[in-house]
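Undergrad: Take this structure, written in structure tokens, and hold onto it; I'll ask about it next.
The values are calculated or read from the model by the stated rules, or taken from the named source; none is laboratory data. Source: prediction; values computed, not measured. All Cβ positions, even for glycine, are placed from backbone atoms using ideal geometry, and neighbour counts span all protein chains on display.
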Amino acid sequence: MKNWLVVANSARARVLGESGIAGRYETVADLVHPQSRQKGVELADDAAGRVKGIGHGTGSAQYLPRSDPHEHEQERFAQQLAALLDAGVADGRCAGLVLVASNPFLGHLKAHLGEQARKLVLRTVASDYTTLSEAELGQRLAAD
């Protein structure tokens, strides 16, 4: 079992396993979630400026909080990534987790991790390193 390094933001995640050579990693998974980068009007299912399901004179006093489509997509991607990490822990392929993710995605990801995976989190870094090469990742993590 090897430690996994998770480098993520709301639209992309790379899960890398230690290779045994310092600063070198093996790709476990590379996930892309393009919906997180779409415009809000492309994600929402109701017309701008309209509240779905509430008409004039219906007598409803129910307050429905407005949900942000981007926030919803970030949650969906965090759930998908957390499920992958939970499976790696359950299968015994992962000994520990280092989570490097942008805010607020790091919080979403941590919230969706299962109990066993949460216990294996060795370190968290709140930064977006998704564009860095493996060598740059090693340098940045050593400096942090």
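Undergrad: If a residue has to be touching a Lys or Arg at 6+ places or on another chain (Cβ under 6 Å), at pLDDT below 80 and surrounded by 14 or more Cβ atoms within 10 Å (Cβ to Cβ) to count, how many in the stretch 18-49 make the cut?
TA: 0
Undergrad: Across the stretch 87-109, what is the number of residues that are under 13 Å from the mean Cα position of the chain (by Cα), in a helix (DSSP H, G or I) and surrounded by 15 or more Cβ atoms within 10 Å (Cβ to Cβ)?
TA: 4
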